[in-house]
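Only one structure is covered here, and it is reproduced in the block below.
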Amino acid sequence: MTPSHIALSVIVMAVWASNIVAARYAVLEMPGWLVITVRMAVLAAPLIPFVRFPRAHLGRIFALSITMGTGHFGLMFVALQRVDAGAAALLIQTAVPFAALLAWILYREPLGWLRAAGITGAFAGVALLVGGPDAPAGVPLSGAALILASAFFFAIANIQLRGLGGVNVFAVNGWMAVFAVPQMAILSLLLEDNQIAALSDISLPAVLAILHMSIVVSLLGHGLWYHLVPKYRTNQTMPLTLLIPVFGVTFGIVLLDEAVTWRVFVGGLVTIAGVATVMFDGARKGEGREQQAAP
């Protein structure tokens, strides 16, 4: 990769990591399902007038709105009401071992001892992160379970995306958001309350956080990434995605004053090491099915 493209890629990883921090900030002020509903609506508004209506793929995009939209993004935002941004950035990386397991189950792709070791290591790191009832320094179990579910849905969504390879990424994102907004709004109405009051009293920083997630992360971040990815091999671009949890933890410390306990530090290192093993083994074998946990 050229130095300028490496620099752009690092910026994209930082932008994607900032999504988790912005989401954490917003859900500390407003209910999680409400925040993701507003975020998806703000994302769809500027996209839909300018992208082609993908009539032939609407069924697949609707299915994607359930897994990627409500399952991945929705559960992540709800989890962030209970979990620090840095810990969430580490836990969401389990989408990579989940993707490897799904490829093994659905496509009969052999795991091999190295990838199996990476998967085991990644989930061992999660166990360290979460701890137990006698480990107050660990991530709350309820929040961690939601993030793991979010990561699992992301892995499923990446399988679905293979069938949408010929559709413009912005068309997919825009129409996925259109389909996801009613789902999320219904869940907000069923599971949360005081939505009108929350929207009426929303602070300027929370508004800026939602705009950042919708415009900067989704449009600028994805736009730059999908401009760069076709130019290089997977084993050139994939290692850069390991910067996402590094930036996520750093931003959590600097911007949200989050503390890094020994469980988060050690568990995070073990998790990233396991994820990296799965990633590099897949790239070495030329499969490229494991995906980074993009926001």
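Using a Gaussian network model of the chain in which every pair of alpha carbons under 10 angstrom is joined by a spring, one finds that among GLY223, GLY125, GLY32 the greatest mean-square fluctuation is at GLY223.
Grab the beta carbon distance between ILE215 and ILE6, set R0 = 25 Å, and tell me the FRET efficiency rounded to 0.05. Once rounded, the FRET efficiency stands at 0.55.
Run the numbers for LEU269 and ALA45: contour at 0.36 nm per residue of separation, minus the present Cα-Cα distance, in nm.
Numbers: separation 224, 0.36 × 224 = 80.64 nm, distance 3.90 nm.
Extra length from LEU269 to ALA45 when fully extended: 76.7 nm.
Reducing the stretch 179-216 and the stretch 58-109 to their Cα centroids gives an inter-centroid distance of 20 Å.
Between beta-carbons, use under 15 Å as the cut-off and find the net charge around ASN168, counting Lys and Arg +1, Asp and Glu -1.
Numbers: positive: ARG52, ARG55, ARG60; negative: none.
Net charge in that neighbourhood comes out at +3.
Compute, for the chain, the length of the dipole vector about the Cα centre, with Cβ point charges of +1 (Lys, Arg) and -1 (Asp, Glu) only. Units Debye, rounded to 20. Write out the running numbers ahead of the final one.
Working: 15 positive and 12 negative charges, 226 e Å.
The calculated dipole for the chain is roughly 1080 debye.
For the chain, the mean projected area of the C-alpha convex hull, equal to one quarter of the hull surface, is 15.4 nm². Who wins for biggest fluctuation among ALA276, ALA103, ALA17 in a Gaussian network model of the chain, springs between alpha carbons below 10 Å? The residue that fluctuates most here is ALA103. Classify the stretch 158-231: rounded, prolate or oblate, from the alpha-carbon gyration tensor (a ≥ b ≥ c, eigenvalue square roots; a/c under 1.5 rounded; otherwise prolate if a/b is larger than b/c)? The shape class here is oblate. GNM on the chain, alpha-carbon springs under 10 angstrom: the most fluctuating residue among TRP225, TRP175, TRP33 is TRP225.
Fully extending the segment from TYR107 to ILE159 would add 17.7 nm, taking 0.36 nm per residue of separation and subtracting the current Cα-Cα distance.
Neighbours of LEU146 by Cβ distance under 14 Å: Lys/Arg scored +1, Asp/Glu scored -1, total +1.
Bear in mind that the values in this text are calculations on the coordinates, not laboratory data. This one's a predicted model, so the numbers in the text were calculated from it and none came from an experiment. Cβ atoms come from the backbone with ideal geometry, glycine included; neighbour counts cover every protein chain shown.
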